[in-house]
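Single-structure report; data block below.
The values are calculated or read from the model by the stated rules, or taken from the named source; none is laboratory data. Note that the structure is predicted; figures quoted are calculated from it, not measured. Please note: Cβ atoms are built from the backbone with ideal geometry, for glycine as well, and neighbour counts cover all protein chains shown.
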Amino acid sequence: MNQPELSSDGIDRIIEMAWEDRTSFEAIETQFGLSETEVIALMRREMKPSSFRMWRKRVTGRKTKTSQATRFP
């Protein structure tokens with residue numbers, strides 16, 4: 001995988017977006033060029049193990065992390 005060079009501010013923003021329930025992995029890929037797999041690897045690398053596990057538990061299978069999700073008012 002050919003990852004783009006990311007500044008510390010860029011990494012911080014990706015982490016922030018990944019934590020947000022309404023931000024899809026597709027939106028992160030559009031903005032930063034990182035696939036879902038690459039975002040997961042970044043999160044694993046940048047977070048404490050316990051925080052990473054908590055995040056993965058939250059987003060695994062979550063429909064709102066994909067752009068195909070239907071949002072209801």
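Taken together, G33, G10, G61 contain a single residue that is at positive phi and modelled with pLDDT of 90 or more, which is G33.
Looking only at segment 1-42, residues that are surrounded by fewer than 13 Cβ atoms within 10 Å (Cβ to Cβ) and polar (S, T, N, Q) come to 6 in all. When the criteria are applied in full, S67 fails the requirement of being modelled with pLDDT of 90 or more and polar (S, T, N, Q).
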